[in-house]
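The values are calculated or read from the model by the stated rules, or taken from the named source; none is laboratory data. Everything quoted here is computed from the prediction, not taken from an experiment. Positions of Cβ are generated from backbone atoms using ideal geometry, with glycine treated the same way; all protein chains shown enter the neighbour counts.
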Amino acid sequence: MTASLKSRESLLIAVIVALLLIIASRFPAFIERGSLIGVFNDTSPLIILAIGQALVILTRCIDLSVAANLALTGMVCAMLNVAFPGLPVAVILLVALCLGAIMGAINGVLVWKLSIPPIVVTLGTMTIFRGVIFLISDGEWVNAHEMSATFTGFPRSELLGLPMLSWIAILVALLFFLIVARTPLGRAFYAVGGNPNAAVYTGLNVGRTQFLAFVISGTLAGLTGYLWVARYSVAYVDIAGGFELEVVAACVIGGISIAGGAGTVLGAILGALFLGIIKNALPVVGISPFWQLAISGSAIVVAVAFNARSQRSKGRIILKRAEATT
Amino acid sequence: MTENPRVIPDRLESPAVRVLKSWETLLLAVAVAIFVVNSLSSPYFLNAWNLSDATFNFTEKAMIAFAMAMLIIAGEIDLSVASIIALASTAMGAAAQLDVGVPLLVLIGIGTGLVCGAFNGFLVTGLGLPSIVVTIGTMSLFRGISFMVLGDQAYRGYPAEFAYFGQGYVWWVISFEFVLFAIIAVVYAVVLHKTNFGRAVFAIGNNPTGALFSGIRVQRVKFILFLLTGLMAGIAAICLTSRLGSTRPSIALGWELEIVTMVVLGGINILGGSGSIPGVVIAAFVMGLVTFGLGLLNVPGIVMSIFIGMLLIGVIALPRLWSMWRS
């Protein structure tokens, strides 16, 4: 009980509630139901990507290509919609998921089979994916009037008062709560990241597990690609530029250790919500949106320092207990 | 596997054979090939002034790449270098509005770089944080401060003499930047390959614990390396700002990728422990020539970035594929 109270997740929840209360004390309209739904909906893409990124970081890798993957998938979906306006949304969703998975698999294979460091692989594929968008689109924009109403309408359509985009984020979150907590694959992510050598001796294929994490991250990026383009009704080369950093920031703030093996899906979601609330609150409080980059940068640095500290104290406690028993 | 990897050969291969088999030789051959292909495919390539212009494609990045190479050899990385350029340039721009002289502008540029490098170094060595995440954080932070200061505005109005650093020529087509690049290359080559400090850098990259027990102050060496990277980013910021004559917060956006690519292409092991400065110099020329050649053929910048991304992965993947295929 005390452990769960002291955990990163409960700390983050407390910080988020405090943040909301502080904003509400000056601007009560911010915590009205409609406004909060808006904030959650706006943060949904970040939540979906942060869940995928969390799995990748758990296995001691990092995926910097998610934003480029998102943009490329989004562009392909938009161009498909322009070419075949009658294509049902289900088909588009399927295309987005598959295309994202393929790009994730490319990262994964390079990490698994050639054991190239993930940061190098994904820095490279990040620029390649962005370049490919330019090649297929000729640098042109796909604008709202070219897209069909069903294509752009899907993420905005409401169900029980929540937009579809939010529902998808909730669904993804529930799905990965289950996968991580209740399936062998979910536990393998922790085992591989926590101690790769030990994981090999327990019969886990480290490379394959990392490959699967990249495929999941890519698939979720692909899904977000369609949702993003449909929500903002525009597709061009630079959409979601630099978003990969925000995704990594959400994970780090959520307590996912960059050294692998430690952190939870809930933490990543809370990290994303924290960033999302700040982003939405800035214009309300009257601070220029140009401050956002510096704020999320400082949040990363503070969170990393925090992660390191909490791990250090944990190590000490284990040592003391071990000494006490002998 | 017929060869037993544990068997240590009685004698090393002769120095000549080792040089011929080295990564640098291969890279040099690639550079020459690119040079020949470029001269054949565009009539504008073989022109002293054009070639001189082409050097601006890599001189500023290469200055940082030398310091980054040492950092990567020591097992760390700094992804915030491009953002340090942005912050240093913003600081100089703000100072230029107050009509300070050129020497002070230069000091401010270098000083900002050093402060940023010291900040990274402190976070990594003082608090013991992983450099990848720390510098991803400071990458947002440093550029974020530029955005806070400038928003969608730009600084102009640098003093006329300030233009010399980025636009001046020392002799005929030899630009000031190129001379600076050459001097820095020699200094770094000597420091890395001929001094105790350089040996310490390699030792740390191969085995930090072993280095510590052989009396190397690991954290201090790493701190100095971060400081040097910041310093080089500050110097690059002076050259770039002087060359462009203006500062926007998006200045040098994405350069960290190109600099890391340059370092890896130069044969520096991304996991640390090995590499050489001459390799980075040749890699700088390869990347500069490729970008310039493609530019002459009207290939847009973003398509070149596909090429650079593939180069980055290919350079590491090919030797591994090759050894997999042989075994």
So, in region A:241-257, of the ones that are of a type in the set (A, V, I, L, M, F, W, C) and surrounded by fewer than 24 Cβ atoms within 10 Å (Cβ to Cβ), which residue ends up farthest from the other protein chains (Cβ to nearest Cβ)?
A:Phe243
If only one of B:Val134, B:Val124 is without any contact (Cβ under 8 Å) to a residue 40 or more places away in the chain and buried (at least 20 other Cβ atoms within 10 Å of the Cβ), which one is it?
B:Val134
Would you confirm whether or not region B:146-159 contains a residue that is away from chain A (no Cβ under 14 Å), among the aliphatic types (A, V, I, L, M), without any contact (Cβ under 8 Å) to a residue 24 or more places away in the chain and surrounded by fewer than 22 Cβ atoms within 10 Å (Cβ to Cβ)?
no
Let me spell it out: the conditions are (1) closer than 24 Å to B:Leu321 by Cα; (2) within 13 Å of chain B (Cβ to nearest Cβ), and A:Phe134 meets all of them except one. Which number is the exception?
(1)
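Out of B:Gly121, B:Gly128, B:Gly101, I need the residue that is at pLDDT below 90 and within 14 Å of chain A (Cβ to nearest Cβ). Which one?
Details: B:Gly121 fails: at pLDDT below 90; B:Gly101 fails: within 14 Å of chain A (Cβ to nearest Cβ).
Exactly one residue qualifies, and that residue is B:Gly128.
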Confirm whether B:Ile110 is touching a Gly at 6+ places or on another chain (Cβ under 7 Å), in a helix (DSSP H, G or I), touching a residue at least 40 places away in the same chain (Cβ under 8 Å) and within 14 Å of chain A (Cβ to nearest Cβ).
no
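Say whether the condition of being among the hydrophobic types (A, V, I, L, M, F, W, C), assigned to a helix (DSSP H, G or I), within 14 Å of another protein chain (Cβ to nearest Cβ) and under 23 Å from B:Gln219 (Cα atoms) is met by at least one residue in region B:73-94. Walk me through it before giving the result.
Here is the first cut: in region B:73-94, the residues among the hydrophobic types (A, V, I, L, M, F, W, C) are B:73-74, B:77, B:79, B:81-82, B:84-88, B:91-92, B:94.
Still in the list and also assigned to a helix (DSSP H, G or I): B:73, B:81-82, B:84-88, B:91-92, B:94.
Narrowing the set further to residues that are within 14 Å of another protein chain (Cβ to nearest Cβ) leaves B:81-82, B:84, B:86-87.
Right, trim to under 23 Å from B:Gln219 (Cα atoms) and you get B:81, B:84.
Yes, some residue in region B:73-94 is among the hydrophobic types (A, V, I, L, M, F, W, C), assigned to a helix (DSSP H, G or I), within 14 Å of another protein chain (Cβ to nearest Cβ) and under 23 Å from B:Gln219 (Cα atoms).
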Checking A:Ser115 against (1) within 14 Å of chain B (Cβ to nearest Cβ); (2) of a type outside the set (Lys, Arg); (3) within 30 Å of A:Ala259 (Cβ to Cβ); (4) assigned to a helix (DSSP H, G or I), which single condition isn't satisfied?
(4)
Within 19 Å of B:Ala29 (Cβ to Cβ), at pLDDT below 85 and within 14 Å of another protein chain (Cβ to nearest Cβ), is that true of B:Leu318?
yes
So, B:Val102, is that one more than 30 Å from A:Ser257 (Cα to Cα) and of a type in the set (A, V, I, L, M, F, W, C) or not?
yes
Residue count, region B:241-257, condition within 11 Å of another protein chain (Cβ to nearest Cβ) and buried (at least 24 other Cβ atoms within 10 Å of the Cβ), comes to 2
